[in-house]
Every structure is written in structure tokens, then in C-alpha cells.
Amino acid sequence: MIGDLINQKHHLYEVLTACRFYVALHLDGSRDDVDGYFMECRGFKYSQTVITHNEVFPKRWGKATRGQVICTKLPGNNSVDNFSLRRGLTASTTLWDWIATVHDGGWVSKFKNGFLTIYRQDSSEGARFAFSGGWPVSYSITDNMASGSDLAVEELEIACEGFERIL
């Protein structure tokens, strides 16, 4: 049993070091150290709207004796885009169990906080992001042919209320 675990970790290490980086997902309250390793993360984006406020002042402006317009920009509401994680199809059902619970109406209790950790090829942490209020909004598996040479790839899209970089 211990030998199997060592072989699994060794095999995982060999697969992951073949890439320049990989992403680990950890959900709060999980029984596993890592809920999934991914080779691709898309759409992890924070943005803030800009409020433009224009005021007219009784100052000279060009040939006019008054009416100078001053434009001020202020920060508005912020938003966090959904992000997608892609990996080769695995036997783990941890993420699918989360999706099924949300689908069956348990979404309020299944908002999850978690971490996305980006590891370098040598398995050292490059960055860590904490997200809050996350839940799965879509799941897909790529089209495959039995006679093809492509691996099955699964993609999970997660919506979240916020995120911050902590490392």
C-alpha cells in the first residue's frame, strides 16, 4: 500500500515536471490535501469599472472666458470573472461530487472558499490566490475518438465572489 502511494506520487511528479508549471486547487473543508492538479487556468481576472465625473468651472478655457471642463476618474464597482481549469480526465470524483451537490439544490451550502496555487516546474510555489464564494457553473469533457491519440480533457468553470493574491 505504501509502495503504491510512493509510485503514485512519483508518477505524478514525473507528469507534472514535464510541464513548465501546474495549478493546484484546494477547497476549504476538503478531506484531500489537493482537490485537483490542472495544466491550464483561464479567465482568473479582477476588474474595476471607471466612473468618469465631469465638472464645469468658471475658468478661462481656450478663447472662451469661462467654462473649463475638468474630468475626474474614480474607482467604481469591482468584479471577478469566472475562471476555468483544464486537466486530463482523472478517476477522482471530488469535483464531480461538488457539482452534483450544487446541481441538486445544495448550492447555498456549497459555496466554497479555496486556493489556487501555481507551482513552478521544480514544484516550488510561484503564486497563491485565495478565492471566496466559489461554485461550479459548468463542466465539460472534450470530444474524443477511440481511434484518436488525444487524451480526454475535462474543464471545470468556477464562479467566485472575490479573490486576492496572498503569495
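What follows draws every value from the coordinates through simple rules; no lab data is involved. Keep in mind that what you see is a predicted model, and the values were worked out from it rather than measured. No Cβ is skipped: glycine too gets one built from the backbone with ideal geometry, and neighbour counts run over all protein chains shown.
What is the Cα centroid distance between region 47-67 and region 85-156, reported in whole angstrom? Here the two parts' Cα centres lie 48 Å apart. Counting other Cβ atoms within 10 Å as a rough exposure proxy, the listed residues Cys19, Cys41, Cys71 run Cys71, Cys19, Cys41 from fewest neighbours to most. Taking the empirical scaling 2.2 N^0.38 Å for compact globular proteins as reference, the chain has a Cα radius of gyration ratio of 1.51.
Subtracting the Cα-Cα distance of Leu151 and Val108 from 0.36 nm times their residue separation leaves 12.1 nm of extension gain. Label sites at Asp28 and Gln121, each approximated as a point 7 angstrom past Cα along Cα to Cβ, lie 3.6 nm apart.
Residues Tyr22, Tyr46, Tyr119 in ascending order of nearby Cβ atoms (within 10 Å, fewest first): Tyr46, Tyr119, Tyr22. Applied to region 106-114, the Karplus parametrisation 6.51 cos²θ - 1.76 cosθ + 1.60 on θ = phi - 60° returns per-residue 3J(HN,Hα) values of x, 5, 5, 7, 10, 4, 10, 9, x Hz, with x for Gly and Pro. A Förster radius of 45 Å combined with the Cβ-Cβ distance from Ser140 to Arg60 puts the calculated FRET efficiency at roughly 0.15.
Summing charges over all other residues whose Cβ lies under 14 Å from the Cβ of Asn78, with Lys and Arg as +1 and Asp and Glu as -1, gives -2. For the chain, set up a GNM with springs between Cα atoms under 10 Å and report which of Gln68, Gln48, Gln121 has the largest fluctuation. Highest fluctuation of the listed residues: Gln68.
Using the Cβ-Cβ distance between Arg86 and Glu164 with R0 set to 22 Å, the FRET efficiency from 1/(1 + (r/R0)^6) comes to roughly 0.40.
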